[in-house]
1. May I ask you to give the solvent-accessible area per residue for the stretch 1-97, in square angstrom, as obtained with a 1.4 angstrom probe?
2. Roll a 1.4 Å probe over the protein heavy atoms and report the accessible area of Ser30 in Å², nearest 10.
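The values are calculated or read from the model by the stated rules, or taken from the named source; none is laboratory data. Just so it is clear, the structure is predicted and the values come from calculations on it, not from any experiment. The protein model used for the area step is the full one, side chains on, heavy atoms only, and it has no ligands, DNA or RNA in it. Shrake-Rupley method; radii C 1.70, N 1.55, O 1.52, S 1.80 Å.
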Amino acid sequence: MKDAESPRTLFEAIYVHWPTPPQVVVYDNSCHAMTYALNREPEWFNAVQWVIDATHFPGHTGCAYAFDIKRQPCLSRLNSQICEQRNSRLALVLKQCAFMGQLTFLPYIRYFAHGINVVRHLPWKQSGFR
């Protein structure tokens with residue numbers, strides 16, 4: 001990502017890399033992302049449901065309740081903070097990465113991210129073994 005996270009960044013990531021639009025977008029700034037997307041590609045994004053994750057919705061005092069993920073029965077049980085939780089684990093490797101060049105950093109961070117995604121699928125995690 002070249003720029004800071006913004007509705008434009010989300011729009012470009014979805015529109016450029018997805019062959020069809022997603023059914024639901026859970027994003028901390030969905031109210032603005034929806035407006036941005038519908039102003040640029042209304043036909044492509046017309047059936048997308050936009051919601052704000054549970055952590056960030058309380059700060060959106062001027063937004064419609066339709067954006068609140070807790071008020072959507074089919075989405076209310078969804079862990080809407082999973083990305084925040086997974087990304088927080090990146091802090092574990094922050095110091096190591098600061099001393100790496102790009103050729104070392106890219107495979108290292110890819111391997112680390114793979115590990116984060118695989119851990120929850122291990123057999124002992126499902127059985128409750130710690």
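1. Values: 6690 Å² over 97 residues.
Averaged over the residues of the stretch 1-97, the accessible area is 69 Å².
2. Estimated to the nearest 10 Å², Ser30 gives 0 Å².
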